[in-house]
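Any read-out appearing in this document is the output of simple, stated calculations on the displayed coordinates, not a laboratory observation. Every value quoted in this text rests on a predicted model; they were computed, and no experiment measured them. Cβ placement follows ideal geometry from the backbone for every residue including glycine, while neighbour counts extend to all protein chains displayed.
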Amino acid sequence: MRKPNPEHMKSVIDLINRGPYFQLLSMKVCDLGLGYSKVVVDLERKHLNPFGGIHGGVYSSLIDTAAYWAVYCDVQEDAGLISLDIKVDNLAPIKEGRLVVEGKRIKAGRSICIAEAAI
């Protein structure tokens, strides 16, 4: 585990937010630290399913992103990360506004990290 350097974190956030998928969904990582991340998206028409609700893929992408970046500081610099499993529970529909998703590390192991995220 490494202690985050604030300047490095700012550079990482800038790099993340320039990514094509992030731009496609208009989502942004706005905070990143040891065991924590915050992702936001201002909902637009492109995020909706044919019935006017938020597409499930948007929820999944936000949850995956927040959980992934919450464990970023826990892995060695030369190690990679992939998502092994994602479970999304929709408790109430959201149709408009800004979604704020916070990711939190639960456990950082030698080969698997566990994180959760909530909208």
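Per-residue counts of other Cβ atoms within 10 Å, averaged by peptide: what ranking do you get for 90-97, 9-16, highest first? Working shown, then result.
On the way: 90-97: 9.6, 9-16: 14.2.
Descending packing order for the listed peptides: 9-16, 90-97.
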Fluctuation leader among 88, 41, 29 - the chain, Gaussian network, Cα springs under 10 angstrom
88
In whole Hz and in residue order, list the ³J(HN,Hα) couplings for the stretch 82-97 that follow from phi through the Karplus curve 6.51 cos²θ - 1.76 cosθ + 1.60, θ = phi - 60°; x for Gly and Pro.
9, 8, 8, 7, 9, 10, 10, 10, 9, 9, 7, x, 10, 10, 7, x
If you take volume of the Cα convex hull per residue in Å³ from the coordinates, which of [x] 100; [y] 116; [z] 155 do you get?
[x]
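Only four residue types carry charge here, +1 at the Cβ of Lys and Arg and -1 at the Cβ of Asp and Glu. Report the dipole size of the stretch 6-118 about the Cα centre in Debye, rounded to the nearest 20.
About 200 debye.
Neighbour counts of other C-beta atoms within 10 Å: give me 7, 77, 102 arranged from fewest to most.
The fewest-first ordering by Cβ neighbours comes to 77, 7, 102.
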Near the amide H of residue 55, under 5 Å away, which other amide H atoms are found, from residues 5 or more places off or on another chain, if H is placed in the peptide plane?
48, 49
Would you kindly derive the ³J(HN,Hα) couplings of the stretch 44-60 from the backbone phi angles with the Karplus curve 6.51 cos²θ - 1.76 cosθ + 1.60 (θ = phi - 60°), listing them in order in whole Hz, with x for Gly and Pro?
10, 4, 5, 8, 8, 8, x, 9, x, x, 5, 4, x, x, 5, 4, 4
